[in-house]
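Shown next, in C-alpha cells, is the structure this report addresses.
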Amino acid sequence: MAENGSQKVFVPDLFVRAKEVTFDVVLGELGLLDQLKIVGDEIRGKCPLCGGERSFSANPVKGVFNCFRCHKKKDVVDFVTFYRKVEPKQAAEWLVSLLPPAQDVVDDQPELENEISALGLSGREVRLLQVIKRANARCVAAMFSSSFARVVEQLEDMARQIVTEEIAKEFPDTVFLEAGE
Ligand SMILES: [Zn+2]
C-alpha cells in the first residue's frame with residue numbers, strides 16, 4: 001500500500017527516455033525556432049531563458065545546451081525544467097510525451113534501425129539521422145517534381161514546333177497563329 005496519495009506510476013527509464021528527445025524537437029514544440037537559427041550542428045540565437053541576444057546554443061546531436069549570459073546549461077531535461085519552471089520529473093514526463101511510441105519507430109524503419117544500432121549510436125542520434133533521411137527524401141522529391149515539370153513544358157514546346165514544321169512542309173500555304181493570339 002502506498003504511504004501517501006502522491007505516489008505515481010514508476011517509470012524506470014523516465015530520464016533516459018526524456019533525453020532521447022532532441023533539441024530541434026523540443027525548441028520546435030515550444031515555438032522557439034523563430035528566434036533561433038541552425039548553424040552547422042547547432043541551433044543558436046536569442047536565449048529562451050534570459051532573452052540574451054546570440055547567447056544561446058543547443059546541440060541536437062550531443063543533446064546539450066548552453067547560454068553564456070545566464071550560464072544555464074546541460075541537457076533537454078534541464079532546459080525544459082528552466083523554461084517551463086517545473087520540476088525535472090515533470091519536464092521529463094513532458095519530454096517523453098513527445099516521443100513517438102517505441103513500437104512505431106521500430107516498425108517504421110526496421111532496417112535503418114538495425115543498421116544504425118550496429119554502429120553503436122544512441123537513440124537520439126538514430127532519431128536525428130531519421131529526421132535527416134526524411135528531409136533528404138522530401139528535398140529530392142521536390143527537386144525532381146519541379147525539374148520534371150520544366151522538362152515536360154520544354155517537350156511540349158518542342159512537339160508543338162515539330163508539328164508546326166511538318167504541317168508547313170506538307171501544306172506550305174498554311175497560316176499559323178502566333179502563340180498567345
Ligand atoms: Zn540565457
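No value in this document is a laboratory result; all are computed from the given coordinates. All values reported here derive from a predicted model rather than from experimental measurement. Cβ: placed from backbone, ideal geometry, glycine included. Neighbour counts: every protein chain shown.
Rounded to the nearest whole Hz, the Karplus-based 3J(HN,Hα) values (6.51 cos²θ - 1.76 cosθ + 1.60, θ = phi - 60°) of segment 28-44 follow the sequence x, 4, 8, x, 9, 5, 4, 8, 10, 9, 8, 10, x, 7, 10, 10, 10, with x at glycine and proline. Note down the net charge around residue 38, summing +1 for each Lys or Arg and -1 for each Asp or Glu among other residues with Cβ under 10 Å from its Cβ. Counting the neighbours of residue 38, the net charge comes to -1. Using the Karplus relation 6.51 cos²θ - 1.76 cosθ + 1.60 with θ = phi - 60°, the per-residue 3J(HN,Hα) values for segment 148-161 come to 5, 4, 5, 4, 4, 4, 5, 5, 4, 4, 5, 4, 4, 5 Hz, with x marking Gly and Pro. Panel order for 68, 148, by other beta carbons found within 10 Å of each beta carbon, from fewest to most: 148, 68.
For residue 56, the residues whose amide H sits under 5 Å from its own are 45, 47, ignoring neighbours fewer than 5 places away on the same chain, with H placed 1.01 Å from N. P(r) tail for segment 2-99, what percent of Cα pairs lie past 24 Å? Percentage above 24 Å: 22.
Rounded to the nearest whole Hz, the Karplus-based 3J(HN,Hα) values (6.51 cos²θ - 1.76 cosθ + 1.60, θ = phi - 60°) of segment 124-140 follow the sequence 5, 5, 4, 5, 5, 4, 5, 4, 5, 4, 5, 5, 4, 4, 5, 5, 4, with x at glycine and proline. Dividing the mean sequence gap of close Cα pairs (under 8 Å, 6+ apart) by how many residues segment 2-99 holds gives a relative contact order of 26 percent. When each of 80, 163 is scored by the number of other beta-carbon atoms lying within 10 Å, the sequence from fewest to most is 163, 80.
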